[in-house]
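The values are calculated or read from the model by the stated rules, or taken from the named source; none is laboratory data. Here the structure is a predicted model, which means the values were calculated and not measured. Ideal geometry is used to build each Cβ from the backbone, glycine not excepted, and the neighbour counts take in all protein chains shown.
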Amino acid sequence: MSGNDTARGTGVAHGKVILLGEHSVVYGRPALAAGLPRGATASAEDAERSVLRVEPWGVEVPADPSAEKSLTRAFAALLARMDVRRAVRVDAQVFLPGGSGLGSSAALGVAVMRAIDDLRGVARADDDALACSLAWERVFHGNPSGVDSAMALHGGCGWYVRGEALARVHPRHGVTLVVGDSGESCSTRITVEQVARQHEGHPARLERTFDAIAAVVRNGRLALEAGDMRALGQLFDMNQSLLAGMLLSTATLEDMIHAARAAGAAGAKLTGGGGGGCMIAVVQDPEQATAVKDAIEALGKRAFVATVGGPA
Ligand code: PMV
């Protein structure tokens, strides 16, 4: 807890990129994910009625489980699951674009939870913290695998299987990624539902695709541990083909991915829910990172370079 006059709690949480395995992770296959250093921060203080303010979105919501706005219901769901009985005011800041596959909603929920726990002096066990974050995430995503929540809580580089604790992965060295934002936002709930409909219609075909992605993810872990960025890049490309086969890519994402590969990236793919949002390209040195970032920006899209998974 910090502050002089008013008791105040603070919380921080990571954003994330899914390196390999989005969507198939909803169906019990593994995913490899890496925390982004900047996700969300929050500060909490006692108040007359519970309210959550989020910048830079400029929104302020009460906690109401029957409201139309998802954020209002998510705040109510989080407070209920955390068993918060006294009203609290939370001011939060999100450093990630929303609806872009970088885990902004999970980061926000975890930062809010941590700020309130800090204010009230609650030390929450990992599994309880994950359950609280999932109560929040379900409002936005319907059927979240939990990978975003686990990464928002722990950061680093992780191997995630639904229902299991996040396992740490130790890459041989940091992985330099160029993250490009298509600027087309798409709700993860929608793409998860699209995949669910395909799975209902063609279960055997989708299960085969999920198994193929699982093999890519397992090899990706070996490539990370060996520090083999060329192999990791090839696995990005394979995962992208399998995701595109489930109609999760878009013309804009494809243009960005091709531009990244043409500029020398070892491989590139969409990251997160797809249908828009962000793509990631893996590069082998800083010059390549600059060339790939420039190529994405030449398409009029925003891009940034992030090194993930290095020694903590
Ligand atoms: O779009 P994001 O950042 O919420 O990533 C979601 C990852 C999915 O595998 C598509 C869904 C999930 O719950 O795991």
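Numerical summary
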{"read-out": "Residue in region 83-103 that is among the acidic types (Asp, Glu) and on the phi < 0 side of the Ramachandran plot present", "value": "yes"}
{"read-out": "Check on residue 179, more than 27 Å from residue 229 (Cα to Cα) and at pLDDT 95 or above", "value": "no"}
{"read-out": "Test: residue in region 152-164 that is closer than 20 Å to residue 70 by Cα, buried (at least 16 other Cβ atoms within 10 Å of the Cβ) and in contact (Cβ under 8 Å) with a residue 60 or more places away in the chain", "value": "yes"}
{"read-out": "Matching helices (runs of 4 or more DSSP H) fully within region 99-174 where at least 3 residues are of a type in the set (Val, Ile, Thr) and more than 10 Å from the ligand (Cβ to nearest atom)", "value": "104-120"}
{"read-out": "Filter result (surrounded by fewer than 21 Cβ atoms within 10 Å (Cβ to Cβ) and touching a helix residue (DSSP H, G or I) at 6+ places or on another chain (Cβ under 7 Å)) within region 111-125", "value": "124"}
{"read-out": "Test result for residue 21, surrounded by fewer than 17 Cβ atoms within 10 Å (Cβ to Cβ) and at positive phi", "value": "no"}
{"read-out": "Selection within region 51-64 - in contact (Cβ under 8 Å) with a residue 40 or more places away in the chain and surrounded by fewer than 21 Cβ atoms within 10 Å (Cβ to Cβ)", "value": "57"}
{"read-out": "Sole exception among (1) surrounded by fewer than 22 Cβ atoms within 10 Å (Cβ to Cβ); (2) over 13 Å from residue 182 (Cα atoms) for residue 297, by number", "value": "(2)"}
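Every residue, every condition in (1) in contact with a Ser or Thr (Cβ under 9 Å, 6 or more places away or on another chain); (2) buried (at least 19 other Cβ atoms within 10 Å of the Cβ); (3) on the phi < 0 side of the Ramachandran plot; (4) at pLDDT 95 or above, yes or no:
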position	(1), (2), (3), (4)
190	no, no, yes, no
200	no, no, yes, yes
207	no, no, yes, yes
214	yes, yes, yes, yes
221	no, yes, yes, yes
245	yes, no, yes, yes
251	no, no, yes, yes
254	no, no, yes, yes
